[in-house]
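**Student:** Quick one: the structure is below, questions incoming.
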Amino acid sequence: MNIQSTTGNTIKITPVVQLLKAVVLTLATGFALLALSSGTYAATAEDLNQDSRQALERLYSSDPVAPTLASRAKAILVFPNIVKAGLVFGGSYGEGVLIKGNQITDYYNSVTASWGLQVGAQSYGYALFLMTDEAVSYLEDTDGWELGVGPTVVVVTEGIAANLSTSTIQNDAYAFIFDQQGLMAGVSIEGTKISHIQR
């Protein structure tokens, strides 16, 4: 690969230099994620339980569609605090709980890796309402669920929420993204991998 310098000279960039740049960027992103999410890693099961229930209550009070889905859901996955950071290469991490009925039955983490034009950091939460027994079984029986593969997940936006009712619920799972803060524009959970963890 060749680039033109400001003096007009051609500078050759070797594949080794390109690889080193990629490694440096990846390490920088990793350190940023570790620094930003240290609180998430350190949370106790009790803290995670409380944070998840509080996040779900905030969602219910801010979006009237969420309680409607909750009344029909077989289970709800709640990730109260996902931390995302990126500098070309990026990633996000958070931990959450699986709620069946009113009981917390298990713990999961949410991990996403990405690359592209991205600089900054943000935090957000999301809740995944599992509407079918098949979706719950898929979560519990597979070695990690990559969103976008397996059961159909619909992210609830204002437009979708306006047309969603108990009679129009047809998909395996519905996701709500909430409490978005930070410098990065937009949040996507497609490609996120959810895996069981011990707590």
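The values are calculated or read from the model by the stated rules, or taken from the named source; none is laboratory data. Note that this is a predicted model, so its numbers are computed, not measured. All Cβ positions, glycine included, derive from the backbone under ideal geometry; neighbour counts span all protein chains shown.
**Student:** Counting only residues that are assigned to a helix (DSSP H, G or I) and either over 17 Å from the mean Cα position of the chain (by Cα) or on the phi > 0 side of the Ramachandran plot (or both), how many does the range 44-102 have?
**Tutor:** Adding up the residues that qualify gives 20.
**Student:** So which of 120, 144, 148 ends up being closer than 14 Å to residue 92 by Cα and modelled with pLDDT under 90?
**Tutor:** Testing whether each residue is closer than 14 Å to residue 92 by Cα and modelled with pLDDT under 90 leaves just 120.
**Student:** Pull up the range 155-176, narrow it to residues that are touching an Asp or Glu at 6+ places or on another chain (Cβ under 9 Å) and under 21 Å from residue 62 (Cα atoms), then point me to the one that is modelled with the highest pLDDT. Break it down stepwise before answering.
**Tutor:** Step one: filter the range 155-176 for residues touching an Asp or Glu at 6+ places or on another chain (Cβ under 9 Å), giving 155-156, 161, 172, 176.
When the remaining residues are screened for being under 21 Å from residue 62 (Cα atoms), the result is 155-156, 161, 176.
Values: 155: 85, 156: 83, 161: 61, 176: 92.
Ranking the candidates gives 176 first.
**Student:** Does residue 21 satisfy the condition of being among the basic types (Lys, Arg) and at pLDDT below 75?
**Tutor:** Values: among the basic types (Lys, Arg): yes; at pLDDT below 75: yes.
Spelling it out, residue 21 is indeed among the basic types (Lys, Arg) and at pLDDT below 75.
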